[in-house]
């Protein structure tokens, strides 16, 4: 599988706070890894994410998915608990 390559202009469109000049400076300082093919620099998505502090490893993605699944399950249990509380209140009102 080939890695996605982005030009500095494409990065700037996606992240307007990073001008092409700022990105070029980061490349020259070694803060952002890039390759030069002809005139433009190309940056892999992984190198961009590393520079931006975005961690996108498979392990982290799996953890995020598991957390989302658990949150959804927790919300389901909260709804069920509220339903049971409502039934208990109804029964209490009927019985006196």
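The values are calculated or read from the model by the stated rules, or taken from the named source; none is laboratory data. Please read all numbers here as calculations on a predicted model, not as lab measurements. Glycine gets a Cβ as well: all are built from the backbone with ideal geometry, and neighbour counts include every protein chain shown.
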- Any residue at all in region 39-46 that is without any contact (Cβ under 8 Å) to a residue 60 or more places away in the chain and assigned to a helix (DSSP H, G or I)? yes
- Message: Tell me the residue from 85, 69, 22 that is surrounded by 12 or more Cβ atoms within 10 Å (Cβ to Cβ), without any contact (Cβ under 8 Å) to a residue 12 or more places away in the chain and assigned to a helix (DSSP H, G or I), please.
- Response: 22
- Query: Restricting attention to region 49-56, does a residue exist that is modelled with pLDDT under 95 and touching a helix residue (DSSP H, G or I) at 6+ places or on another chain (Cβ under 6 Å)?
  - Reply: yes
